[in-house]
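Step one of this worksheet: look at the structure below.
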Amino acid sequence: MKKATIIYWSGTGNTEMMANAIAEGVKVNGIDVEVVRVEDANKDMVINSEILAFGCPSMGIEVLEEEFMEPFIESLSDIDFSGKTVALFGSYDWGDGEWMRNWAERMKQYGANLVDEEGLIIHLTPDDEGIDNCKALGEQLARG
Ligand SMILES: Cc1cc2nc3c(=O)[nH]c(=O)nc-3n(C[C@H](O)[C@H](O)[C@H](O)COP(=O)(O)O)c2cc1C
């Protein structure tokens, strides 16, 4: 049985809503999924999961949140991502998604196979359609 882990940072809950909706989608396929705040996450969780989703809103000026998420993602640069299926997601406000484009490019350089090459970005709080898109991404992840 494949193991799925969703690791995210969220300041005001928007990206957290996305994380939980993605988890619902993964579960539809009967896969065991753990949703973890990056503050409580560790590298072994990534090493031991075949299905992974990482979430972070656009922060700073179009960068990952700098205290927890940025160092965590940096710590994954030497992980062997072969055989793992990965998705990226996050909420934003006034930008044009630059943080996600850069993040997706970085994860590809790490060797990650992204199910949605551009990452799933949602403006502020996900509406019903946004939640459905998150669930669909979870289902896509679970199919590998
Ligand atoms: C300090 C700070 C910096 C931000 N920088 C950006 C940014 O560069 N681009 C952008 O589109 N949104 C930016 N935002 C808006 C957040 O991405 C947006 O509010 C998002 O919904 C927060 O997600 P969360 O509820 O998961 O924390 C920023 C918000 C804060 C508080």
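The values are calculated or read from the model by the stated rules, or taken from the named source; none is laboratory data. In this text the structure is predicted, and so the values were computed from the model without any measurement. Cβ atoms come from the backbone with ideal geometry, glycine included; neighbour counts cover every protein chain shown.
For (1) closer than 11 Å to residue 90 by Cα; (2) within 15 Å of the chain's Cα centre (by Cα); (3) of a type outside the set (Asp, Glu), each residue gets a yes or a no:
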residue: 12; (1), (2), (3): no, no, yes
residue: 16; (1), (2), (3): yes, yes, no
residue: 24; (1), (2), (3): no, yes, no
residue: 27; (1), (2), (3): no, no, yes
residue: 31; (1), (2), (3): no, no, yes
residue: 34; (1), (2), (3): no, yes, no
residue: 78; (1), (2), (3): no, no, no
Only residues that are of a type in the set (A, V, I, L, M), assigned to a helix (DSSP H, G or I) and farther than 18 Å from residue 131 by Cα: list them for segment 20-48, please. 38, 45, 46, 47
Considering only residues that are within 16 Å of the ligand (Cβ to nearest atom) and outside any strand (DSSP E or B), look in segment 108-128 and name the one that is surrounded by the most Cβ atoms within 10 Å (Cβ to Cβ). 119
It is to be established whether one or more residues within segment 96-107 are surrounded by 14 or more Cβ atoms within 10 Å (Cβ to Cβ), more than 16 Å from the ligand (Cβ to nearest atom) and not in a helix (DSSP H, G or I). no
When segment 1-19 is examined, which residues are found to be in a helix (DSSP H, G or I) and either touching a residue at least 40 places away in the same chain (Cβ under 8 Å) or of a type in the set (A, V, I, L, M, F, W, C) (or both)? 14, 15, 17, 18, 19
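Given the residues 22, 51, 61, 6, which is the only one that is in contact with a Cys (Cβ under 6 Å, 6 or more places away or on another chain) and modelled with pLDDT of 95 or more? Give the derivation first.
Working: 51 fails: in contact with a Cys (Cβ under 6 Å, 6 or more places away or on another chain); 61 fails: in contact with a Cys (Cβ under 6 Å, 6 or more places away or on another chain); 6 fails: in contact with a Cys (Cβ under 6 Å, 6 or more places away or on another chain).
Unique residue meeting the criteria: 22.
Among the listed residues 80, 44, 40, which satisfies the condition of being over 17 Å from residue 124 (Cα atoms) and either touching a residue at least 12 places away in the same chain (Cβ under 8 Å) or not acidic (Asp, Glu) (or both)?
On the way: 44 fails: either touching a residue at least 12 places away in the same chain (Cβ under 8 Å) or not acidic (Asp, Glu) (or both); 40 fails: either touching a residue at least 12 places away in the same chain (Cβ under 8 Å) or not acidic (Asp, Glu) (or both).
None of the others qualify; the one that does is 80.
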Segment 41-64, residues that are away from the ligand (no atom under 16 Å from the Cβ) and among the acidic types (Asp, Glu): 44, 50
Would you please list the contacts, defined by Cβ atoms under 9 Å and residues six or more apart or on different chains, that run from a residue in segment 59-70 that is closer than 15 Å to residue 7 by Cβ to a residue that is surrounded by 16 or more Cβ atoms within 10 Å (Cβ to Cβ) and among the hydroxyl-bearing types (Ser, Thr, Tyr)? 64/58; 65/10; 69/8
When residue 52 is evaluated against the numbered criteria (1) more than 18 Å from residue 125 (Cα to Cα); (2) surrounded by fewer than 18 Cβ atoms within 10 Å (Cβ to Cβ), which criterion, by number, is the only one it fails? (2)
